[in-house]
Amino acid sequence: MRRILEAEIIKAFTRPRSYIGMGSIIALVALIDASFYFTGKEYIDLLFQNFDQVFSLEGTVVNGNLICFIILQTLIIQLPLLVALVTGDLISGEAAMGTLRYSLTKPISRFKFISAKWITAMLYSLGILLLLGVFAYGLSLVIFGPGDLLVLNADGLVVIRDAELFCRFMAAFVFAFISLTTVASLSLMLSAFSNNSVGPIVLTMVVIIVFTVISSFEMSFFDPIMPFLFTNHMGLWRRLFSDPIPTAEIVQSAGILVLHSLVFFGITQYHFKNKDIIE
Amino acid sequence: MQVKETILSVTGLEKYYGTFHALKGLNLEVKRGEIFGLLGPNGAGKTTMIRILVGLIKPNKGTVRYFDKIDLKDLNDALPRIGSIIEEPRFYPYLSGKLNLHVSARYYPTKISNKRISELIELVGLTGRESDRVSTYSQGMRQRLGIAQAMLNDPEIIILDEPTNGLDPKGIIELRQLIIRLKEEFGKTVILSSHILSEVEQMADSMAIINKGVCVSQGNVSELLSTNTVNVSLETSDLPASKVMIETMGFKVRQEQQTLEFQTELESIPKVVAKLTAADQKIFRLDHRRKLEDYFLKLTAA
């Protein structure tokens, strides 16, 4: 299995396409950091203008933690799309290229082949997140320095002490990883059903967009399907910046996302085991 | 006389694609150390059968047995001893030829050494180009890299599906020489599918003709081709008179518009010609084709 995984990793990580997502993240983080560096104060003034009459803010509001939080909020929607760009192509891309039939004429079980693909998809998701972590958290802290985080959420304005933030950000990255693995598993599953490169990527994006749009409608008509929309659970990382943290709710959502990943993985395995490779 | 071991036997193989019956109870037997030609027109079922042989497709019925003991359900036990090129070889275009081989090598249970990969690169004549991206390779170079890929595990059987497709004449000759070398120098059993009779004729020891999902003929190529019986097509100045003369020699003659058609042994043709010229019959045209060619042409036309 280790050798198959090595082969999959070489294939995935030497492909130019794999670096589109990574390049986009670096570029976006750099742009956001630059914009805050030069015009951050205006943005914060605008954001907190309604609170001017209620209390006054002391210290550095624009700090590395705030920038990281804003970057996470901004990119967390796009990250799954960047992941799908690679993971949605892992099987169907090979089918389209004609290399799938060569891999499968080697003495490996299809279960191991798909498992290696799945682990590769997870590793790619992890790579994307690590990159985001280094740039969004690390670089922002280097440029803007540490400080308490002001978060405006449904409960109002929450101030989180700098000392607590490292753990909360790490937990947020872990949660984001779980979310991304769900998207990666979905796109890999769609990839197993397709023989062309673009279809599964587009379909994954459509699923995420449609689910997210439906989730945003707070209408009772959609209530019966809400629990089945995994995108509902993907946004729960923000609750890690509530006070107190609703641990049970977050763990439940993480569990649901993991369950989705396993179901997608199971469907992929079942379908691929019985698939005739005719392309 | 040495009896060769059966290295592959296929019995009653059937495959449906929806309602299309692609293979209709195919039977084959391949002996060790031979080049076995699988001949048939496009769409005859050759690729379907080959894909079943390497586990890409599951048959609906029938058995495939390798090395007299391994069935399809245990195919992974046989695959380390089999190399294949299914249709035109495909590689990761963004990787070098050498790295493509290294990636393929990782799918085998035993480690394939760098030395082995270098040897194969040399064998297929890609030394000096192995570090270039495959996207820069010609079709012939890809085909040869495909052979190297199929040889990675030093297999006993090499399955090649239409290996000369898309190659220029020089590429075809090079590949043909390489395939013959695999058999003669390395003792490999080669199963070679093609829709070109001359290709199989020049390389194969045994062959099977497949048409519409069934094996219509199988045997030793030299036996099949050495038969002296030929179909003669003749055009003379007086067809009815010539027909009577040839019939008196004991041949069954059929008159087709401007020609006479009959079957005879190759050695009898000069006698027929002598008899006709002695009777002042002018011979405008005389063609003969071997039965197998006619047979195959009939199949491909169907």
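The values are calculated or read from the model by the stated rules, or taken from the named source; none is laboratory data. All values reported here derive from a predicted model rather than from experimental measurement. All Cβ positions, glycine included, derive from the backbone under ideal geometry; neighbour counts span all protein chains shown.
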* Within region B:177-187, considering residues that are surrounded by 14 or more Cβ atoms within 10 Å (Cβ to Cβ) and touching a residue at least 40 places away in the same chain (Cβ under 8 Å), the one farthest from B:A204 (Cα to Cα) -> B:L178
* Give me a count of the residues in region A:133-168 that are in a helix (DSSP H, G or I), touching a strand residue (DSSP E or B) at 6+ places or on another chain (Cβ under 8 Å) and among the charged types (D, E, K, R). => 2
* With respect to B:R129, determine if the residue is over 29 Å from B:A44 (Cβ atoms), basic (K, R) and modelled with pLDDT under 90. => yes
* Asked: Hey, does region B:220-243 have a residue that's farther than 30 Å from B:L39 by Cα, of a type in the set (A, V, I, L, M, F, W, C) and not in a strand (DSSP E or B)?
  -> yes
* Where in region B:48-167 are there strands (runs of 3 or more DSSP E), lying fully within it, with 1 or more residues that are farther than 16 Å from A:P107 by Cβ and within 11 Å of another protein chain (Cβ to nearest Cβ)? -> B:82-85, B:157-161
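Residues A:A171, A:A136: which one is more than 14 Å from chain B (Cβ to nearest Cβ), within 16 Å of A:I76 (Cα to Cα) and surrounded by 21 or more Cβ atoms within 10 Å (Cβ to Cβ)?
The match here is A:A136.
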* State whether the residues of region B:244-251 include one that is part of a helix (DSSP H, G or I), of a type in the set (A, V, I, L, M, F, W, C), within 35 Å of the chain's Cα centre (by Cα) and closer than 12 Å to B:V232 by Cα. => no
* **Some residue of region B:55-70 being in contact with a Pro (Cβ under 8 Å, 6 or more places away or on another chain), under 26 Å from A:K11 (Cβ atoms) and surrounded by fewer than 17 Cβ atoms within 10 Å (Cβ to Cβ)** => no
* Structure fact -> Restricting region B:33-47 to residues that are more than 13 Å from every other protein chain (Cβ to nearest Cβ) and not in a loop (DSSP other than H, G, I, E, B), the one surrounded by the most Cβ atoms within 10 Å (Cβ to Cβ) turns out to be B:L38
* Structure fact -> Sole miss for B:A78 among (1) under 21 Å from the mean Cα position of the chain (by Cα); (2) without any contact (Cβ under 8 Å) to a residue 24 or more places away in the chain is condition (1)
* **Hits in region B:90-106 - residues which are surrounded by fewer than 24 Cβ atoms within 10 Å (Cβ to Cβ) and farther than 15 Å from B:D154 by Cα** => B:R90, B:Y92, B:P93, B:Y94, B:L95, B:S96, B:K98, B:L99, B:V103
* **Every residue from region A:98-121 that is surrounded by fewer than 19 Cβ atoms within 10 Å (Cβ to Cβ) and assigned to a helix (DSSP H, G or I)** => A:R110, A:F111, A:K112, A:S115, A:I119
* Before we move on, is B:A208 among the small types (G, A, S) and either surrounded by fewer than 16 Cβ atoms within 10 Å (Cβ to Cβ) or touching a residue at least 60 places away in the same chain (Cβ under 8 Å) (or both)? -> yes
* Asked: Does any residue of region A:230-246 turn out to be more than 30 Å from B:L72 (Cα to Cα), modelled with pLDDT of 85 or more and acidic (D, E)?
  -> no
* Could you list, in sequence order, the residues of region A:153-174 that are within 13 Å of A:C68 (Cα to Cα) and without any contact (Cβ under 8 Å) to a residue 60 or more places away in the chain? -> A:F166, A:M170, A:F173
* State all residues of region A:1-29 that are outside any helix (DSSP H, G or I) and more than 10 Å from chain B (Cβ to nearest Cβ); if no residue qualifies, say none. => A:M1
* To do: Select the helices (runs of 4 or more DSSP H) contained entirely in region A:178-279, then report the ones holding at least 1 residues which are exposed (fewer than 13 other Cβ atoms within 10 Å of the Cβ).
  => A:198-216, A:247-273
* **Residues located in region A:238-267, provided they are touching a Ser or Thr at 6+ places or on another chain (Cβ under 7 Å), farther than 16 Å from A:F173 by Cβ and not small (G, A, S)** => A:H260, A:F264, A:F265
* Asked: Among A:T74, A:T99, which is the only one that is within 14 Å of chain B (Cβ to nearest Cβ) and either under 30 Å from A:N232 (Cα atoms) or out of contact with any Asp or Glu (no Cβ under 8 Å at 6 or more places or on another chain) (or both)?
  -> A:T99
* Within region A:55-75, which residues are in contact with a Phe, Trp or Tyr (Cβ under 9 Å, 6 or more places away or on another chain) and either within 16 Å of A:A163 (Cα to Cα) or at pLDDT 80 or above (or both)? -> A:T60, A:V61, A:N63, A:G64, A:N65, A:L66, A:I67, A:C68, A:F69, A:I70, A:I71, A:L72
* Could you say whether any residue in region B:15-32 is exposed (fewer than 15 other Cβ atoms within 10 Å of the Cβ), in contact (Cβ under 8 Å) with a residue 40 or more places away in the chain and in a loop (DSSP other than H, G, I, E, B)? -> no
* Kindly indicate whether any position in region A:248-263 is in contact (Cβ under 8 Å) with a residue 24 or more places away in the chain and of a type in the set (D, E, K, R). => no
* **All positions within region B:121-137 that are among the polar types (S, T, N, Q) and touching a residue at least 24 places away in the same chain (Cβ under 8 Å)** => B:S131, B:S135
